[in-house]
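First up is the structure itself, then whatever we jot down about it.
The values are calculated or read from the model by the stated rules, or taken from the named source; none is laboratory data. Keep in mind it's a predicted model, so treat the numbers as computed, not measured. Backbone-built Cβ (ideal geometry, glycine too); neighbour counts: all protein chains shown. What goes into the accessible areas is simple: the full protein's heavy atoms, side chains included, and nothing from ligands, DNA or RNA. Shrake-Rupley method; radii C 1.70, N 1.55, O 1.52, S 1.80 Å.
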Amino acid sequence: MSVIGFDTSNYTTSVAFFDGTEGENCSRLLPVREGELGLRQSDAVFSHIKSLPELSDRLFSHVSPETITAVGVSTRPRAVEGSYMPCFLVGVSHARLLSEALHVPLIEVSHQQGHIAAALWNAGRLDLMDKPHLAWHLSGGTTELLLVEPEGRNVRCTKLGGTTDISAGQLIDRTGQLLKLPFPSGKALDALSAGDTGTEVFRVKCEESTFSLSGVENKVRQFYEKTGSPEATAGFALRCVACAVRRATENARKEYPGLEVVFSGGVASNSMLRKLTADLSPVFAEPGYSTDNAMGVAILAHRMGES
């Protein structure tokens with residue numbers, strides 16, 4: 001059984017192939033004008049429409065349509081009531097057309113479920129799909145700590161904590177804007193922080209597994225005004241995020257002892273986060289499968305198509 005997966009998030013167009021063991025993801029970041037902190041949904045939709053045919057051509061240049069037995073697609077950000085973004089409609093329309101043309105089932109999942117599946121597959125821990133675990137979804141628009149439990153061949157995600165305001169990704173991108181880095185700023189900010197040897201951190205208040213990052217944004221700006229150092233400011237911002245995530249994880253583990261914790265989403269690519277949570281025995285994917293991708297969607301479609 002082989003499947004194709006589509007994911008058209010707010011920042012990345014992607015299509016993937018998975019045969020049950022191996023897979024390939026083809027993706028492209030959506031263009032964002034210099035100095036801006038994101039995209040309007042109409043612009044994201046237009047960019048997806050332009051990118052998907054080329055990415056599909058690249059994948060199908062060496063994947064035979066005759067081998068495809070199902071098509072998967074992310075239809076919304078999260079598998080909860082009211083979760084919606086117009087940009088996902090582009091992936092849905094392409095996936096539906098392909099499934100009808102090939103006369104194979106269309107399997108729908110959420111973007112968040114796909115993130116978790118991609119991280120587990122790349123980390124060699126698909127066994128966790130069949131047992132409860134904790135998972136972080138850390139991205140440009142989401143900072144959520146989840147209780148993940150098996151639900152058939154898919155997973156059910158229950159929010160336990162995270163931010164009450166801006167996401168970790170938003171804080172990172174706003175810090176990048178302050179330091180005149182390209183958007184999205186995660187990779188550049190991570191590289192810049194490598195030159196920082198400081199340890200200063202603003203300790204955010206963490207109620208159980210919930211915290212606020214809006215105050216950190218102000219502290220980052222004040223820190224930069226005080227030090228004038230881009231490297232130190234990058235390190236300070238990333239330490240604040242990593243320490244908040246770590247404390248929330250520790251609090252959640254008091255309620256759910258023994259559960260492993262998985263990190264997914266683009267912010268999970270950050271080396272500071274990986275370093276400061278290393279003693280928690282976390283499950284991390286490679287950066288290419290932490291950021292938005294269609295591989296997790298394809299993996300879930302393969303699993304669900306087998307049932």
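Take the alpha-carbon centre of the stretch 166-201, take the same for the stretch 138-161, and report the distance between them in whole Å.
25
Using a Debye calculation, one point per C-alpha and no hydration shell, please list log10 I(q)/I(0) for the stretch 1-75 at q = 0.19, 0.24, 0.26 Å⁻¹ in order.
Computed log10 I(q)/I(0) values: -0.77, -1.06, -1.19.
So for the pair D165, S271, with labels modelled 7 Å out along Cα→Cβ, what separation do we get in nm?
Computed distance between label sites D165 and S271 equals 3.1 nm.
Test of understanding: what is the full-extension gain from S281 to S214, defined as 0.36 nm times their sequence separation minus their Cα-Cα distance? It would help to have the intermediate numbers written out before the result.
Values: separation 67, 0.36 × 67 = 24.12 nm, distance 2.85 nm.
Gain on stretching S281 to S214: 21.3 nm.
Which whole-number value in Å² is the accessible area per residue of the chain, probe 1.4 Å? Kindly include the intermediate steps, with their values, before the conclusion.
On the way: 13340 Å² over 307 residues.
The answer is 43 Å² per residue.
If you take the charge dipole of the chain about its Cα centre, with +1 on Lys and Arg Cβ and -1 on Asp and Glu Cβ, which of P86, L259, L273 is farthest toward its positive end?
L273
Taking a threshold of 21 Å on the Cα-Cα distance, which of the pairs K180/K205; K159/K254; K131/K275; K226/K275; K180/K219; K159/K219 fall above it?
Details: K180/K205 29 Å; K159/K254 16 Å; K131/K275 26 Å; K226/K275 26 Å; K180/K219 18 Å; K159/K219 27 Å.
From the list (K180/K205; K159/K254; K131/K275; K226/K275; K180/K219; K159/K219), the Cα-Cα distance tops 21 Å for K180/K205; K131/K275; K226/K275; K159/K219.
Within the accessible area of the chain, what % is carbon and sulfur when the probe is 1.4 Å and the other protein chains stay in place?
Working: 6880 of 13340 Å².
In the chain, the share of accessible area belonging to carbon and sulfur is 52 percent.
Quote the charge dipole size of the stretch 126-184 about the Cα centre in Debye, to the nearest 20; the model charges only the Cβ of Lys and Arg (+1) and of Asp and Glu (-1). Can you show the working numbers first?
On the way: 6 positive and 7 negative charges, 35 e Å.
Rounded to the nearest 20 debye, it is 160 debye.
How big is the C-alpha Rg of the chain next to the rule-of-thumb value 2.2 N^0.38 Å, as a ratio?
Working: Rg = 19.1 Å, N = 307, 2.2 N^0.38 = 19.4 Å.
Working it through for the chain, the quotient is 0.99.
Evaluate the distance, in nm, between pseudo-label points positioned 7 Å from the Cα of R221 and of L29 along their respective Cα→Cβ axes.
So the two model labels end up 2.4 nm from each other.
Apply the Kirkwood formula to the stretch 67-193: the hydrodynamic radius equals the inverse of the mean of 1/r over all pairs of different alpha-carbon atoms; give it in Å with one decimal.
On the way: mean 1/r = 0.0605 Å⁻¹.
It is 16.5 Å.
Determine, from the Cβ-Cβ distance of D19 and R40 and an R0 of 41 Å, the FRET efficiency 1/(1 + (r/R0)^6), rounded to the nearest 0.05. All intermediate terms of the calculation are to be shown ahead of the outcome.
Values: r = 37 Å, r/R0 = 0.90.
Step by step, r from the Cβ atoms, then E = 0.65.
If eta is 0.692 mPa s and T is 37 °C, what Stokes-Einstein diffusion coefficient results for the stretch 169-254, Kirkwood Rh from Cα pairs, in µm²/s?
Details: Rh = 13.0 Å.
D = 253 µm²/s.
Let a ≥ b ≥ c be the square roots of the eigenvalues of the Cα gyration tensor of the stretch 4-138; is it rounded (a/c under 1.5), or, if not, prolate (a/b larger than b/c) or oblate? Don't jump to the answer; show the numbers that get you there.
Values: a/c = 1.55, a/b = 1.09, b/c = 1.42.
Oblate shape, in that a/c is at least 1.5 and b/c is the bigger or equal ratio.
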